[in-house]
Structures are given as structure tokens and as C-alpha cells.
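Down below is the structure, laid out as C-alpha cells.
The values are calculated or read from the model by the stated rules, or taken from the named source; none is laboratory data. Keep in mind the model is a prediction, meaning the values are calculated, not measured. When we count neighbours, we look across all protein chains shown, and the Cβ atoms used for this are built from the backbone with ideal geometry, even at glycine. Surface areas here come from the heavy atoms of the whole protein model, side chains and all, with no ligands, DNA or RNA. Shrake-Rupley method; radii C 1.70, N 1.55, O 1.52, S 1.80 Å.
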Amino acid sequence: MTASLRNAVLTALSVIPTARSVAQIPVSVDGTAAPVLRAQPNCAGDPVCTCKVLQGTLTDVNATLLPSNGVTYQDFEDENYSAACRLPAACIVNPRSTQEVSTVIKILSQTGTKFAVRSGGHNYIPGFASVDEGGVLISLSNLNSTVLSEDKKTAKIGPGNRWQAVYETLVPQGLTVVGGRVGPVGVGGLMLGGGLSYFATQRGLAFDNVKSYEVVLADGSIVTASADNQYSDLYKGLRGGAANFGIVTNYELYTYPAANFYVDARAYSPNQTVDFLHAVAEYQKEGQLDPLSSISGMYNSIQLLSTGPTILLLYNAPVQQAKAFEAFYNLGAYQPIAPAYNGSLLDIMALTGSRFSTGNVRTYGETFTHKADADLMVELYDIFTEEIANLPSGATGVWVPNPIAASVATLGKQNGGNLLGLQEVPQQWYEWFITWTDPAEDQTIWDISQRITQRCTDAANAKNLSLPYLFMNTAGMKQNVLSSFGAQNVAFIEAIAAKYDPGKVFQTLQNNGFLIRNL
């Protein structure tokens, strides 16, 4: 598309509204309006044609990448964490601003082109943050700013950021936000899914600490949603409703003092596994009542490997030992992964890894929830080890229980409420996963994974310890996450989607996700 033709199209079509637009919703884009575009009539349903329109509209370097761009296109495709999620989109579009996201969603809506949205690409369900040649991948990687407010009480953070970069900006200024536990994870997906952090026991989930969201709606309108403005219902909806309403292009998060941590990284032997799981349950009864305490792992949480359990004991104050961790101190012999020390959040990021190096590794896992109980935890781990014995050669499984304090649910209510329907009891959210390399084994792995989830859920039900909630950030492809929030919260999500996306753009054109169309 020549420059003159492009300008003519923008001028002639800027007065034409998008189909089924939400006319009653005002546009707020800091005084400038993104152009309203109409794609060529013969583009409808043709992603190749749509990609040409995008390429002619967004003209910056690498703004629209086609498979013919070779290595550059491949590098962007490979941003997805799991190799199973690296699908060959018709094109990858890389908007540089909220206004450009608005332009992109208008073009995709008007052409009826399928799309997916990717922040960091850590989700390991194929098609959630990726799309095949039948659609367009919107990469938000250029929306990666971190800007402190003048009073330093909040920070506006782009969804294309990685948490490592966010902390590198804030921690030197003595501040942090409630965000991811691993540096390479993207901001957008973690925030929409709830988000566990090292501060969950004292601050709640990551999205319980959002002051406002900047959102591009289905008709291209750009709005800011907060608890105290006209979009307060959308603000509440985004605390659980995920990708059902629009594309979040900025998160305004509350900041907190970045106090140092006591860090003690330990590995235990396989024959200590049962005692280790009992120690986790004991910690949930006593130690986790101290909100400064947190137990985590070398990559995000406790990990039970074939070589034995590993754990990070974290205390958000400079101490030598913390009483909260007595259950682990009483386990006896252990192997230090690193000498215990007092350090910053950035030091923890360095210990857990600043980047993912996955190559051709494929990753998949699922989740379920139960009330804290030591005997059940042992039984569930036994089920897992039985099932992963059936894995193909070269595939491995890692069991990852997340001990969640009752305070996480309480803080969510105190911070304005979310839509998760959490019970205020100590509980376990799982994020176990399997890794493999052969694409021919995908279905086998998925089948084993779903069997693990079913058997574990049945075991928890048999003891009357199962909880309905499913943690979106680690849920599997066939898990009905939204329904796990409860009927009342589902009805609210449906109502907000109907209000802000009456044309069902995010239900009919979005490739996949935890969407109300799947209920």
C-alpha cells in the first residue's frame, strides 16, 4: 500500500464507525484518537489479506512480520515458552502504543480475522497466546514501559514487560510491586490470571493490587477502568474475567517499600519427601500465619523432583533464621543450593534465573485445589509418581504444590473484591508440569495430564477436602476455570462482556482462552 493510498484510506474511512461499535463508550486516548479504519472489502475472513492491510497501516520496522521475514519472524514466534505453543501465525503484529493496539483490533474486527494476544508467552496451552496460519498474533512486547507516578505511590506497567525489567526499574528506588516470582514471565498474562508473588500472604494476589487498567475495547475505544470511575464494573470484571472484555495495555499498580529478604535455598533427598510434605502442611498451620514468610522454589514454587524436593525459604525482613520455618529446620539433613543470605528482590531473581532457555522443550501442566492436609498431599504425590511412570522416554514431570494462606482470600476482599470465589482457608493450588520434546507425543502427554488431574481431584473429593477454585495461571486446556469461580461471578463476567463487547469480538474472533464462549 503506497503512502498516498494509505493516507486516502485513513481520511476517507475515519468517519465510518466500526461494525456494532459501542457508541456509548467514550474514547480516552490522552487527547488523540486512533484512526478508525475500514479494511479492503475483499479481506473478510482472509488473514493473508488482513496482514497486508496491517503491514500497510503500521509501518515501523518489524511492526508486522510475515513468515517470509525469515529469522526475524521466527525469533518473534519463538518467544512462546513452550515449543508446543509456537504456532505459525499468518503474521505477527507488534503495536508500539495503545493507539496502535486500537487500530489493530479495529482492522481485525472489521475483517473478521481470527487473532491471539501475547504478553510474555509463558502460558503453555497451544492457541491461548498463539494462533496458526488462519489468524494474526498480536504481540504486546513493545508495550514495555515502567513509569513511576510523581508521588511514587503507583507505577504504570506495560503488559509486554517481563517482571525482571519491572523490578530492575523499581527496586533501586526502594520500591516494588506485587508481581511475578520469576523474572522472564510476562506482566500481562500473570496479571489477568490473578498472579502469585512473594508477597501474596501479606498483600494478596497481584491483581488485588491494581489501581487502574487501561483497556482497548472491541470497537477500538480506549478507556481507563478503576474502582472509583464510570468503568468500575469493568475494573471489577478484570479481577477474574481475563481476556473476555478487551486488551489491557497498561496496569497501574500500587507500589510498596522493597524490604530485603532472608533467603535460604535448600534441597532434600528423595527419602525425605513424605516428611517434607508434612512440613509444608505444618507450615500452613503455623508458619504461614506470619505474613512476612513465604516458601517458594528455584523457578517459582516448591518443586518435587526425582532427585528430591527443593525449596526457597523467604522472609521479607533481614533475619538469620525465621521461626515461621521451624517445620523445615526440623527435617534434619539438607543440601544448601546456595548459602543463606539477606538480599534484595533482584538477588532472588538472579538465584531463580533471569531468562528461560527452553529450546525445543514442550511444556504442559494443569491445576486443582484442596484444603491443606498432609496425608492428602502425600497421596496426591503418589498418584503423580504412578502416572508419570507412564511417560514416554525422555519426558519428565515436576510436582509443584503452592501453599496458599487464608489471608490471600481475605486480602482480596479487603482490596475491593475479585471474582475468584476463594474460601478463607489454608489451601493448595497446584502447578505441576511435564516436559518433553517430540511433537508426536503431545496427545499422550495431554491424556496423562488429564488423568493426573482427574485422579487427584477424585482423591481430594473422597476426603471431602476438594475446593472448586482453579488457578487460571496454571490451568490446563480443558479445565473450566471460569465456572470454578461460582455461578454469581460467572454471571457478572457474562454481563460485563455483553456490555463492553456486544458484538462478541473477543468471543468469536479470539483464537482461544478462558472465555465465556467455552462455558
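Points to keep in mind about this one:
- The residues packed around Tyr315, meaning those with a beta-carbon under 9 Å from its beta-carbon, carry a net charge of -2 if Lys and Arg are +1 and Asp and Glu are -1.
- Estimated 222 nm signal from helices in the chain, with DSSP H stretches of n ≥ 4 weighted -39500 (n - 2.57), rounded to 500: -8500 deg cm²/dmol
- Segment Ile337-Val361, length gained on full extension (0.36 nm per residue, minus Cα span): 6.2 nm
- Under 29 Å from Lys152, Cα to Cα: lysines that are on another chain or at least 8 residues apart: Lys211, Lys236, Lys413
- Full-extension gain in nm, Val274 to Lys504, via 0.36 nm per residue minus C-alpha separation: 77.9 nm
- Mean separation of Cα contacts under 8 Å (6+ apart) over length of the chain, as relative contact order %: 15
- Computed lengthening from Val171 to Ala495, 0.36 nm per intervening residue step minus Cα-Cα distance: 112.7 nm
- Sorted peptide list for 487-493, 345-351, 331-337, criterion being average Cβ within 10 angstrom, highest first: 345-351, 487-493, 331-337
- In this view, the solvent-accessible surface of Arg266, computed with a 1.4 Å probe and all protein chains in place, comes to about 10 Å².
- Listed peptides 494-502, 242-250 appear in the order 242-250, 494-502 once ranked by packing, highest mean of other Cβ atoms within 10 Å at the front.
- Remark: spin-label model distance Asp442-Ala259 equals 4.7 nm, labels positioned 7 Å along the Cα→Cβ axis.
- Set of aspartates and glutamates with alpha-carbon distance to Lys323 below 20 Å, sequence-local pairs under 8 removed: Asp264, Asp275, Glu282, Glu286, Asp290
- Reported label for calculated Rg and Dmax of the Cα atoms in Å given (i) 25.7, 78; (ii) 23.0, 75; (iii) 24.0, 76: (ii)
- Of the peptides 408-415, 163-170, 59-66, the ranking by mean beta-carbon count within 10 Å, highest at the top, reads 163-170, 408-415, 59-66.
- Cα shape, the stretch 81-137, gyration tensor, a/c 1.5 rule: oblate
- Average Cα contact separation per residue, the stretch 239-357, under 8 Å, 6 or more apart, as relative contact order %: 38
- The chain: Cys lacking any partner C-beta under 4.7 angstrom: Cys85, Cys456
- Cβ-Cβ FRET estimate between Asn330 and Asp382, R0 fixed at 25 Å, reported to 0.05: 0.60
- Of all lysines in the structure, those lying under 21 Å Cα to Cα from Lys478, and not within fewer than 8 positions of it along the same chain, are Lys114.
- For the stretch 248-347, GluC sites (Glu not before Pro) meeting the loop criterion (DSSP other than H, G, I, E, B) and having at most 15 other Cβ atoms within 10 Å: Glu286.
- Neighbours of Asn229 by Cβ distance under 13 Å: Lys/Arg scored +1, Asp/Glu scored -1, total -2.
- Judged by the ratio a/c of the largest to the smallest principal axis of the C-alpha gyration tensor, the stretch 147-281 counts as prolate, that ratio being 1.5 or greater while a/b is larger than b/c.
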